[in-house]
Each structure stands twice: as structure tokens, then as C-alpha cells.
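Contents: one structure, followed by commentary.
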Amino acid sequence: MKQVILPGGPHLRTAQTTRNMMFHVALSLVPALLGAIYFFGIRALYLTALSVAVCVITEYLWQKLTGKQITAGDFSAVVTGMLLAFNMPIETPVWVIVATAVFSILFVKQMFGGIGNNFANPALMGRLFAMVVWPGTVMQYTVPRTLPADAVSSATVLGTVKNGGEAGYNYLQMFLGEIPGALGETSKLLLLVGFAYLCYMGIVNAGAALTYIGTVLLLTFVFGPTGLFTGDILLNLFGGGLIIGGCYMLTDYVFVSRKGRILYAVTAGIITAAIRIFSPYPEGICFGILTANCLAGALSLLYKKHVYGTKKLNGGMR
């Protein structure tokens, strides 16, 4: 019998590379960026470009100083920079953008080994860092310039409702993006256009995103503000950052298996919904997804993949 010697793995190969995937993710965010420029002005482009530049330069300098392989050109830092800017209000000071970009890349991504090894989403961790250290600079949101407004800044729609006020905007305005919010999260239409592109290109699987969003909407509807089954589904869907969170923040490659991804998405959805329902915070997306990130190892123990080459026989394993 002829002996066959197999080379070292991996034996399953794909045309997709990290650079290719991250390029498509960055490209999918362009419609939302254009929407941010339309609603909030050219400063949206300036802040996004600054965030991207700081993320890429920080990654390059760290890898250069530590003698690691230079991966600053793989677009992952570009995506982090774009998503970080998208989670900030348009009036965020430049120095806050710079500080959070450095923190996201250096302390969350690179010090844990770079892409694929970081324990949490770097952009969301950067947003949380800013919320904790400089809450006054990132918790006030500008009304879009396309709307006549008496006030320059305002709470988000969910924040206003959470505090007992009226939404002040109809569902169509929420969907299109004519509401106060972070510069890249307001237009759900443009975010969904970008996400549809990613699904078409095979970059992401919509299952986890839909599971996460569906879990949040179901729980916030059942445990509504005035009793069971009184939640406003469309308000919870369009009034905050649920779509950018589910479509772009949750879909990191934490689990390879379908069941693992669904378990991860449900966990993040339950935590997000619990924060929206029971805490003073109107959103919960940042905390929900980051907590699920940190629980990924424990969740993997709950769902064990089949070990190939074994077979159950008469109660035993072979």
C-alpha cells in the first residue's frame, strides 16, 4: 500500500483573507458614513478619518516597536476606527477620539495578540472607556442639521422615552436617521444596505444578527414599561443603536459553529434587553455585547462540538 504523507494543516482553504473580509466590511460602512455627513455635516468625515488614522498608526507603531508582523494594512484597524467613530456623538472632542482609538487598538487588540485574539470588540471597548472616563463628552447628542430644532443637543429617542418623555420622532424618521444619536448609528436604512452587501458577499451570516435583534425585541416587548406585552417593538428597533450593534458589533468571529453563534447571540440579547428594561440606561448594547464577549469561553463549554472519529455504541464511545 502506497504511503500518503499529508502536509501540516490547514487542509481546508478559502479564497477569503482577513484583508479581503475587512476591506468589504469597511466598504459596507461607507453608506452609513455618507449618511452621517448628510445629517451632521463634514465634521463626521473628519472625526471618522481621524479615528481610522490613529487606529492604523497605533497598530503599525506597536508592531514595529515589538518586532511583530506588520498587519496594519489588513483593514481591521480601519474597521475599528470607523466603528469607534460611528459610536461617538458628532460633538465629541478630537482628543477623546484620539485617546479612545489608541486605547482600543493598543490595550484591547494588540496587547492580547492582535486580530482573532482580542477578548472583546475593540470599538465597543473604546466606547465604554469614553463613557466611564469622559461621560459628559459622549452622552449628549446633536439634533441632525436637516431638522429645525430649538436645542443644539438632546438625549437619544430611547433616552427621552426612558425618562418619561415623548419620542418626538416618528418611525420613518428613526429608520431614515433624522434623530439625535451617535454619528453612524442613526440611519438604519443605510446600515442595513451595508449589512445586506456583507451577506451577499458571504462575509457575515445573518443568523446571529437576527437572533440577537429578535431576542432584544421579544424581551423588551414582553416586559414592557407599563406591564406585560406593552413594549414598543419599532421604537426599540429604530430608536437606538440595536441595528449597528447586531449587524456590525456582534458579528465578530467568536464561534465557528452555527449553534455556538446562536447561543452567543441569545446571551448578548438577554443582557442587552435586561439593561434596557431594568436599568437606568436606555441602550444596553455596549454592555450586552461586551459581556457576551467576555463569556465566550464559558459559553463554549456549554456547547461542545462533535469530536470527529468517535461514535457512540451501546452507551460507550469508540
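The values are calculated or read from the model by the stated rules, or taken from the named source; none is laboratory data. Owing to the predicted nature of the structure, the values given are computational and were not obtained by experimental measurement. Note: ideal-geometry Cβ built from the backbone for every residue, glycine included; neighbour counts use all protein chains shown.
Give all pairs with beta carbons closer than 7 Å in which a residue from segment 231-248 that is closer than 15 Å to ILE275 by Cα meets a residue that is of a type in the set (Asp, Glu); count only pairs at least 6 apart in sequence or on separate chains.
So the pair list comes out as GLY240/GLU283; GLY241/GLU185; GLY241/GLU283.
Take the conditions closer than 29 Å to VAL143 by Cα and assigned to a loop (DSSP other than H, G, I, E, B) and apply them to GLY184. Does it pass?
In short, yes.
Test VAL222 against the stated conditions and say whether it is farther than 24 Å from CYS294 by Cβ and of a type in the set (A, V, I, L, M, F, W, C).
Against the criterion (farther than 24 Å from CYS294 by Cβ and of a type in the set (A, V, I, L, M, F, W, C)), VAL222 qualifies.
Take the conditions among the aliphatic types (A, V, I, L, M), within 19 Å of the chain's Cα centre (by Cα) and in a loop (DSSP other than H, G, I, E, B) and apply them to LEU192. Does it pass?
No, not satisfied.
Being among the hydrophobic types (A, V, I, L, M, F, W, C) and assigned to a loop (DSSP other than H, G, I, E, B) is the filter; apply it to segment 246-273 and report the residue that is modelled with the highest pLDDT.
LEU250
Does segment 200-207 contain at least one residue that is touching a strand residue (DSSP E or B) at 6+ places or on another chain (Cβ under 6 Å) and farther than 19 Å from PHE287 by Cα?
Looking for residues that are touching a strand residue (DSSP E or B) at 6+ places or on another chain (Cβ under 6 Å) and farther than 19 Å from PHE287 by Cα, one finds none in segment 200-207, hence no.
Please indicate, with yes or no, whether at least one residue in segment 135-149 is among the β-branched types (Val, Ile, Thr) and either touching a residue at least 60 places away in the same chain (Cβ under 8 Å) or over 27 Å from GLY35 (Cβ atoms) (or both).
Within segment 135-149, one or more residues are among the β-branched types (Val, Ile, Thr) and either touching a residue at least 60 places away in the same chain (Cβ under 8 Å) or over 27 Å from GLY35 (Cβ atoms) (or both).
What's the number of the only condition in (1) more than 16 Å from the chain's Cα centre (by Cα); (2) buried (at least 16 other Cβ atoms within 10 Å of the Cβ) that THR100 fails to meet?
Every listed condition holds for THR100 apart from (1).
Considering each residue of segment 103-114, count those that are of a type in the set (A, V, I, L, M), buried (at least 20 other Cβ atoms within 10 Å of the Cβ) and more than 11 Å from LEU84 (Cα to Cα), and give that number.
1
Among the candidates GLU178, GLU185, single out the residue that is more than 29 Å from PHE103 (Cα to Cα), touching a residue at least 24 places away in the same chain (Cβ under 8 Å), crowded, with 17+ Cβ neighbours inside 10 Å and not aliphatic (A, V, I, L, M).
Criteria check complete, one pass: GLU178.
Just one of VAL96, VAL78, VAL108, VAL102 is more than 26 Å from ILE42 (Cα to Cα) and among the aliphatic types (A, V, I, L, M); which is it?
VAL108
Among (1) crowded, with 17+ Cβ neighbours inside 10 Å; (2) of a type outside the set (Gly, Ala, Ser); (3) at pLDDT 90 or above, where does THR142 come up short?
(3)
Can you work out which of the residues in segment 30-79 that are of a type outside the set (S, T, N, Q), without any contact (Cβ under 8 Å) to a residue 12 or more places away in the chain and not in a helix (DSSP H, G or I) is surrounded by the most Cβ atoms within 10 Å (Cβ to Cβ)?
Here the answer is ILE70.
In the list THR137, THR160, which residue meets the criterion of being in contact with a strand residue (DSSP E or B) (Cβ under 8 Å, 6 or more places away or on another chain), of a type outside the set (A, V, I, L, M) and in a helix (DSSP H, G or I)?
Exactly one residue qualifies, and that residue is THR160.
Out of everything in segment 223-245 that is under 14 Å from ALA32 (Cβ atoms) and in a helix (DSSP H, G or I), what residue ends up being farthest from the chain's Cα centre (by Cα)?
This residue is ILE243.
I'd like the full set of residues that are modelled with pLDDT of 85 or more, among the aromatic types (Phe, Trp, Tyr) and either surrounded by fewer than 15 Cβ atoms within 10 Å (Cβ to Cβ) or touching a Lys or Arg at 6+ places or on another chain (Cβ under 9 Å) (or both), limited to segment 274-305.
Passing the criteria: PHE278, TYR281.
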